[in-house]
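Novice: To start, I am sharing the structure in question, which I have written as structure tokens.
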Number of protein chains: 2
Amino acid sequence: MKKRLKYWGWGYEGEGLSPRDRDALLSTLSGEFGIRGAGNGRIPAIEEIILPVARLQPPAGIASICTQEPYERVLHSFGQSQPDSIRVFQADFAHAPDVVAYPRDESDIAAILEWAGDAGAALIPFGGGSSVVGGVTPDIGDEYTATIVLDMTRMNRVLEVDRVSRAALIQGGARGPELEAGLKPHGMTLRHFPQSFRLATLGGWIATRSGGHFATLYTHIDDLVESVSMVTPAGRMESRRLPGSGAGPSPDRLMIGSEGALGIITQAWVRLQGRVRFKATAGFRFPDFIQAAGAVRAISQAGLFPANVRIVDGVELQANGAGDGSFTLLVVSFESADHPVGPWMDRAEECALDHGGSPDVDWRANPDAHLRGAVGAWRDAFIKMPYNREILTPLGIISDTFESAITWDRFETFYHNVRETTIRAIREVTGNEGAVSCRFSHSYPDGPAPYFAFHCATDPNSMLKQWWEVKRAVSDAVIDHGGTITHHHAVGRDHQPWYSKQRPGLFGDVLARAKQHLDPKGILNPGVLVHDEPGQNQPDTTPEQASRVTVK
Amino acid sequence: MKKRLKYWGWGYEGEGLSPRDRDALLSTLSGEFGIRGAGNGRIPAIEEIILPVARLQPPAGIASICTQEPYERVLHSFGQSQPDSIRVFQADFAHAPDVVAYPRDESDIAAILEWAGDAGAALIPFGGGSSVVGGVTPDIGDEYTATIVLDMTRMNRVLEVDRVSRAALIQGGARGPELEAGLKPHGMTLRHFPQSFRLATLGGWIATRSGGHFATLYTHIDDLVESVSMVTPAGRMESRRLPGSGAGPSPDRLMIGSEGALGIITQAWVRLQGRVRFKATAGFRFPDFIQAAGAVRAISQAGLFPANVRIVDGVELQANGAGDGSFTLLVVSFESADHPVGPWMDRAEECALDHGGSPDVDWRANPDAHLRGAVGAWRDAFIKMPYNREILTPLGIISDTFESAITWDRFETFYHNVRETTIRAIREVTGNEGAVSCRFSHSYPDGPAPYFAFHCATDPNSMLKQWWEVKRAVSDAVIDHGGTITHHHAVGRDHQPWYSKQRPGLFGDVLARAKQHLDPKGILNPGVLVHDEPGQNQPDTTPEQASRVTVK
């Protein structure tokens, strides 16, 4: 029997933390941070879940690719956000989709779109279901006659590999391991390894501007896309396959980040790389996060483009059994399919030492440095992190993250304010002390992408409400201090209020116009990205205001 | 007296080829390629040019920033395309703008936009006037009551420099030398050096997706933009200043490449770099262009990111006095503000030698290798090239270029077909043999940006018509063989028919919708990018067709 995805948490049935890892997690949270759960939730069995009667039946021509089986409706009721997790354990499935459709090709998609449009049903595109921002949660109110989830995972093939140009045409529903397996015989790799790698799909990555393996240079999937094909209710859109272009605004960049609100990404040509042959990883300890950030800035501005240059603060190391809380860890690594990376690492090391770092593991003596010391310990924990939540949510413990990006000149203020806001919000909302940590997931010459994690015990009866109160406070702080509401998690439903503040008002109007044209009945992923009529947004500032500000 | 721009060619009055350079140019074209001019055109004096009576007078509140002086109307009648040049020498100024406005700030721009909209006048944004694709040529038919050119060059200041993040806020009307002068005291540089550097403006570069100095990695200005401010008839739009983001489709990428059709780019935060301290340049000779292209592919796919990796074919070297036509030259250079670049060059050199290159100048022995040998000779000629046309056009000799980009797998077919089409079109149209050459202006891991140049003698009485016949043939070939109609010259008016074929039809509709919202009266740069009503474009293929194609 084919392995099934869990409907209550990360990954496939049968996977999760070992009893030993579970005990270590709980003992660390309790012992180091005083975070103890008071809940006693348990996974609701499929049979116990009350699903609403399906309001829509697929027509004969489509029935064979549709299902209304309870497991499928349950699985497609949520993504992987903290509120999703809380609601699963509350067995809150009143918004379950009426139908789940598994198209085999673009013709199927066109037929499903037409059916949905005619029926007045909403259509939610679904890839790996790994959205942590409510992007695939079909809780859309009662303006639609029904909800159809369009699961893309049957369109999962590598259609063509061009070894000369190092590019491949891959279907939108291919998960990370599937597409890498298709590329491996050609000696090629996409090298896009977000934490969602095992579950998420290429189309989902493109739709959400996923952030992957590389901490510098090619950070977002945006940079790896050569052309995109999208099927919309208004027809098909395919951009030309080009290594670069200057012909008008980029059509790819309209589709990249469109989060299922403008169309279904059916396939894409993506840029590949040779498989890594040379690599080096080094770790350095710093007494202080800000000081370590200075080293990251130096390395990022040196033009070395490391595969990885991350810092992880003491709290996050401690929470994951990779440190005692007394130091910040900087991990830097270089990888190449072409040449030894020693000269690159030499210079990065100089930057780290110049900024007061001390070696954690010596990269020259340890080709496997990425598996050793605090570096290796944190890496092990990182891989298991997504499994923590199914342990913690039923105990009433929030385990969540949020990420942003900010220019270096504003980073310190941003960091201190956002961190303190999070600590304070947890205290005020829950009455408990939480654990708040920060790392850099990516870094650019002009600024880092700080990634915050927080844990706290809640009142299990108000867990969802308390989560929202904390979320609102930290999101306000992120926007008020100049950051982006998301660096790579996407907007989804959860970030929509802050996205509306962040984007230029007139750009919101343009997006709404684009949606009116491509999705005239407004059936695609309602509530995501576009929820305003054009003209409701305000221009950001008047030219008069801007002139006063900038012409000094 | 302030130096004035030439209205008949490149650069400022008093500049141009020396008599000796002029003689060398003509003697090479005649002696090596048999191209001899038959025309005897001359520069029309301002007094001789018949300007139509201005149809519009600026209102009192704006009059002080407007001019209707003949030199200004003449200067703003053309850009720097081949047809522009031909028409200047034909003294064809019937489409001269009625008014030229020089706004000082965004308030001025808003006032001018309002005036133009009320008056039913078209408004043409103008930076350096260096468009080679008719992007600023206000020849827009008779649907408008008048034409106003908005010259941005009074908004030319560096407003703020953030050395920590390596970024600066610069006004849209700043020319290359002005903005670099503002950055130099801070030890910073934008390092965007297109051939238009001396004349063109930051806003113009952003509006046209300019391609600059770097042949790899940061090729287009797109990559250097941190945020953009744009004033549109519908209001002001300003994107948030972020090093990276995953929040919906990028608002910057709608404004980048908008070619004055959606709004006026008034200022932008751009990413800077430290001034170069280490550099190395090497040259290699190859017997064959295709073989040299193989070396460029190897270097581009090695992850080395050279500042420059160009090949120049024998014809182009010969036409510029930098070779005898018997070899293709590969130039590769590395530059860094941070570290010596020897290890990078070592590996690039291996790639060049592996592919059969032989050294032109030894980079180890010659720190000034970029000034020596064929490398140095071509570099000298490259700098003077834009001045050639004012010599050649009056003789009836076409001197033009076009550029594209194509993936490596299709490059050879593309190159041979486009080159042969150009040679054949010249022969068929003019009855003469031309000189057709190719180089790479930029290179990506997945493909090069081939840059073609051609010279040919025409019938001086039909020069414009003959140019269009050749242009149509080569543009059809570029599109038919999978390329982009422009890699970095932009679309303008000249490329519009092929741009309409290249872009996804539904994306054309979305652009038209965006324009309807931002420029409801359709006054901005008419005929550029958007000339269709939404819904007139056809979807590229139906899903059924696509399914048949891709699901094998």
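Novice: Along Cα→Cβ, 7 Å out, is where each label goes; now give me the distance between the ones at B:Asn40 and B:Ser326 in nm to one decimal.
Specialist: That separation, rounded to one decimal, is 4.1 nm.
Novice: While we're here: Below 28 Å, Cα to Cα, which lysines can A:Lys521 reach? Residues fewer than 8 away in the same chain don't count.
Specialist: A:Lys501, B:Lys501, B:Lys515, B:Lys521
Novice: Express the C-alpha Rg of region B:382-470 as a ratio against the empirical globular expectation 2.2 N^0.38 Å, rounded to two decimals.
Specialist: Numbers: Rg = 14.2 Å, N = 89, 2.2 N^0.38 = 12.1 Å.
Dividing the Cα Rg of region B:382-470 by 2.2 N^0.38 Å gives 1.17.
Novice: Hull surface divided by four, with the convex hull built on the Cα atoms of region A:252-295: how many nm²? Don't jump to the answer; show the numbers that get you there.
Specialist: Numbers: hull surface 27.1 nm².
Reported value for the Cα convex hull: 6.8 nm².
Novice: Can I ask one more? How long are the semi-axes of the equivalent ellipsoid of region A:268-333, taking √(5λ) for every eigenvalue λ of the Cα gyration tensor, in whole Å from largest down? Each step should come with its number before you reach the end.
Specialist: Numbers: eigenvalues 144, 46, 24 Å².
Result for region A:268-333: semi-axes of 27, 15, 11 Å.
Novice: A further question follows. From largest to smallest, what semi-axes in whole angstrom does the protein assembly as shown give when each is the square root of 5 times an eigenvalue of its alpha carbon gyration tensor?
Specialist: Values: eigenvalues 504, 219, 163 Å².
Taking √(5λ) for each Cα gyration eigenvalue gives 50, 33, 29 Å.
Novice: In nm, one decimal, shortest first: how far is the label point of B:Glu350 (7 Å from Cα along Cα to beta carbon) from the matching points in the other copies?
Specialist: Spelled out, the distances from B:Glu350's label point are 2.2 nm.
Novice: I've got another one for you. Output ³J(HN,Hα) for region B:353-368: one whole-Hz value per residue in order, computed from phi by the Karplus curve 6.51 cos²θ - 1.76 cosθ + 1.60 with θ = phi - 60°, and x for Gly and Pro.
Specialist: 5, 4, 8, x, x, 10, x, 8, 10, 6, 6, 6, 7, 10, x, 9
Novice: Among the aspartates and glutamates, which fall within straight-line cross-link reach of A:Lys279, defined as a Cα-Cα distance under 17 Å, with same-chain neighbours fewer than 8 residues apart omitted?
Specialist: In chain and number order, the partners are A:Glu335, A:Asp338, A:Asp346, A:Glu349, A:Asp362, A:Asp368.
Novice: Let me ask something else about it. Give me the net charge for the shell around B:Asp21: Cβ to Cβ below 10 angstrom, other residues only, Lys and Arg +1, Asp and Glu -1.
Specialist: Summing Lys/Arg as +1 and Asp/Glu as -1 gives +1.
Novice: What is the list of residues in region A:442-477 whose amide nitrogen lies under 13 Å from a point 7 angstrom out from the Cα of A:Asn417, following Cα to Cβ?
Specialist: Of the residues in region A:442-477, A:474-477 have backbone N under 13 Å from the label point off A:Asn417.
Novice: Cut-off under 18 Å on the C-alpha distance; same-chain residues fewer than 8 positions from B:Lys6 excluded. Which aspartates and glutamates are left, in chain and number order?
Specialist: B:Glu15, B:Glu47, B:Glu48, B:Glu69, B:Glu72, B:Asp84, B:Asp92, B:Asp151, B:Glu390
Novice: Between B:Gln57 and B:Arg154, 0.36 nm times their residue separation minus their Cα-Cα distance comes to what? Don't skip to the end; give the middle numbers.
Specialist: Details: separation 97, 0.36 × 97 = 34.92 nm, distance 2.09 nm.
Result: 32.8 nm gained on full extension.
Novice: Can you give the calculated 222 nm mean residue ellipticity of chain A, where each DSSP H run of n ≥ 4 adds -39,500 (n - 2.57) and the sum is split over every residue, rounded to the nearest 500 deg cm²/dmol?
Specialist: -10000 deg cm²/dmol
Novice: Over region B:59-137, what is the mean sequence separation of C-alpha contacts under 8 Å (at least six apart), divided by residue count, expressed as relative contact order in percent? Don't skip to the end; give the middle numbers.
Specialist: Working: 76 pairs, mean separation 35.9, N = 79.
Rounded, it is 45 percent for region B:59-137.
Novice: Amide H of A:Asp360 versus every other amide H placed in the peptide plane: which residues, excluding those fewer than 5 positions away on the same chain, fall under 5 Å?
Specialist: Answer set, sorted by chain and number: A:Gly283, A:Phe284, A:Arg285.
Novice: Over all directions, the average projected area of the alpha-carbon convex hull for chain B comes to how many nm²?
Specialist: Details: hull surface 105.3 nm².
One quarter of the hull surface, i.e. the mean projection, equals 26.3 nm².
Novice: Given that compact globular proteins tend to follow 2.2 N^0.38 Å, what is the ratio of the alpha-carbon Rg of region A:222-352 to that value?
Specialist: Values: Rg = 20.3 Å, N = 131, 2.2 N^0.38 = 14.0 Å.
Cα-based Rg divided by the globular estimate yields 1.45.
Novice: Averaging over every viewing direction, what projected area does the convex hull of the Cα atoms of region B:1-50 cover, in nm²? Intermediate values should be presented prior to the final figure.
Specialist: Numbers: hull surface 20.2 nm².
Over every viewing direction, the Cα hull of region B:1-50 projects on average to 5.1 nm².
Novice: So, one more: Quick check of the Kirkwood formula: for region A:101-161, what is the inverse mean of 1/r over all pairs of different Cα atoms, in Å? Display every interim value, and only then the final one.
Specialist: Numbers: mean 1/r = 0.0788 Å⁻¹.
So the Kirkwood estimate lands at 12.7 Å.
Novice: Relative contact order for chain B: what is it in percent, counting Cα pairs under 8 Å that are at least 6 residues apart?
Specialist: Values: 1181 pairs, mean separation 88.8, N = 552.
Worked out over chain B, it gives 16 percent.
Novice: Please report, for A:Ala24, the nm distances (one decimal) from its label point, 7 Å out from Cα along the beta-carbon direction, to the equivalent points in the remaining copies, shortest first.
Specialist: Inter-copy label distances (nm, one decimal, shortest first): 7.1.
Novice: What is the mean number of Cβ atoms from other protein chains located within 10 Å of the Cβ atom of each residue in peptide B:438-446, rounded to a whole number?
Specialist: Details: counts 0, 0, 0, 0, 2, 2, 7, 9, 14.
Counting other chains' Cβ atoms within 10 Å and averaging over B:438-446 gives 4.
Novice: If you average the sequence gap of Cα pairs under 8 Å that are 6 or more apart and divide by the length of region B:226-361, what percent do you get for the contact order?
Specialist: On the way: 217 pairs, mean separation 37.6, N = 136.
Normalised by residue count, the contact order of region B:226-361 is 28 percent.
Novice: Another question, then. Counting other beta carbons within 10 Å of each Cβ, put B:Arg55, A:Arg73 in order, fewest first. Provide the component values of the computation, followed by the final result.
Specialist: On the way: B:Arg55 13, A:Arg73 24.
The most exposed by this proxy come first: B:Arg55, A:Arg73.
Novice: What are the label-to-label distances in nm, one decimal and shortest first, from B:Ser462 to the same spot in the other copies, with labels 7 Å along Cα to Cβ?
Specialist: 8.6
Novice: Regarding region A:171-241, what whole-number volume in Å³ per residue does the convex hull of its Cα atoms give?
Specialist: On the way: hull volume 7.1 nm³, N = 71.
Enclosed volume per residue, from the Cα hull, is 101 Å³.
Values quoted throughout were computed directly from the atomic coordinates according to the rules given, and no laboratory measurement underlies them. Quantities reported herein were computed from a predicted structural model and do not represent experimental measurements. So basically every Cβ, Gly included, is an ideal-geometry build from the backbone, and we count neighbours across all protein chains shown.
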